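Q: Take this structure first; my questions come after.
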Amino acid sequence: MTFENRSRVRRLWLSDLPAFKAHLHRLDRDTLHDRFGCYAADSVLDEYAQTCLSDGSIVYGYFEGDLMRGAGELRLKAGAGEAAMSVESDWRHHGIGTELFSRVIRAACNRGVESLSILCLPHNQAMLELARKFDAELHFESDEITGQLIAREISPLALWDEYVEDSLGFVDAMFDAQKHLLEKFLHGPGVLPS
């Protein structure tokens with residue numbers, strides 16, 4: 001997949017909470033309904049983002065410049081996993097969901113997850129089509145929204161790839177956090193120190 005110069009996919013850290021919240025708030029009503037099964041209030045979205053980034057879930061974000069435009073989530077529960085995706089409507093059909101979902105599947109496999117539930121409504125054709133793209137790694141029964149990860153041994157190379165990408169992503173997140181703090185300092189309310 002080829003992204004623009006200023007685009008990147010990386011794991012999210014707690015310092016990315018404002019970007020994750022802003023992404024969820026930019027989802028249109030239909031996308032929000034497909035993602036959460038309801039029209040969630042802003043406060044619910046904020047609490048959800050906080051929980052995801054502090055409960056051990058693994059969340060990947062697609063960034064275009066400074067703005068996060070998509071998220072892929074893996075929530076782990078006793079050897080099983082739940083996957084969820086969200087991509088802002090203007091950013092769909094560019095391979096973003098595919099890239100995010102491949103990271104979620106790799107993270108699930110690296111943690112020995114065998115059952116991966118895909119969190120989506122039955123009419124969410126975009127998510128079902130995305131899941132079917134990974135037929136080589138997942139097995140679905142008719143239109144079920146739960147896939148079984150095809151058994152395979154944990155690959156040291158896949159573990160290493162994830163470790164390196166997450167480490168570089170962490171450094172990237174720290175630079176983003178510093179940049180946002182500097183912008184607040186320079187352009188925020190109050191008087192600058194002399």
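Q: Report, by residue number, each residue of the range 31-51 that is of a type outside the set (S, T, N, Q), loosely packed, with under 13 Cβ neighbours inside 10 Å and without any contact (Cβ under 8 Å) to a residue 24 or more places away in the chain.
A: Cys38, Tyr39, Ala41, Asp42
Q: Output the qualifying pairs, or none if there are none: Cβ atoms under 7 angstrom, residues six or more apart or on different chains, first residue in the range 76-105 and in contact (Cβ under 8 Å) with a residue 24 or more places away in the chain and surrounded by fewer than 17 Cβ atoms within 10 Å (Cβ to Cβ), second residue in a helix (DSSP H, G or I) and among the polar types (S, T, N, Q).
A: Ser89/Thr31
Q: Go through the range 63-94 and give me each residue that's assigned to a strand (DSSP E or B) and either on the phi > 0 side of the Ramachandran plot or in contact with a His (Cβ under 9 Å, 6 or more places away or on another chain) (or both).
A: Scanning the range 63-94 gives Leu67, Met68, Arg69, Gly70, Ala71, Ser86, Val87.
Q: Restricting to the range 12-30, name every residue that is touching a residue at least 24 places away in the same chain (Cβ under 8 Å), of a type outside the set (Phe, Trp, Tyr), under 16 Å from Leu67 (Cβ atoms) and in a helix (DSSP H, G or I).
A: Ser15, Asp16, Leu17, Pro18, Ala19, Lys21, Ala22, His23, Leu24, Arg26
Q: Might you let me know whether the range 168-179 holds any residue that is open to solvent by 70 Å² or more (accessible area, probe 1.4 Å) and modelled with pLDDT under 70?
A: No, the range 168-179 contains no residue that is open to solvent by 70 Å² or more (accessible area, probe 1.4 Å) and modelled with pLDDT under 70.
Q: Here is a follow-up. Answer yes or no as to whether Arg11 is over 16 Å from Asp90 (Cα atoms), in contact with an Asp or Glu (Cβ under 6 Å, 6 or more places away or on another chain) and open to solvent by less than 50 Å² (accessible area, probe 1.4 Å).
A: Yes.
The values are calculated or read from the model by the stated rules, or taken from the named source; none is laboratory data. None of these values were measured; they are calculated from a predicted model. Every residue, glycine among them, receives a Cβ derived from its backbone with ideal geometry; neighbour counts consider all protein chains shown. Protein only, heavy atoms only, side chains kept; ligands, DNA and RNA dropped before computing areas. Shrake-Rupley method; radii C 1.70, N 1.55, O 1.52, S 1.80 Å.
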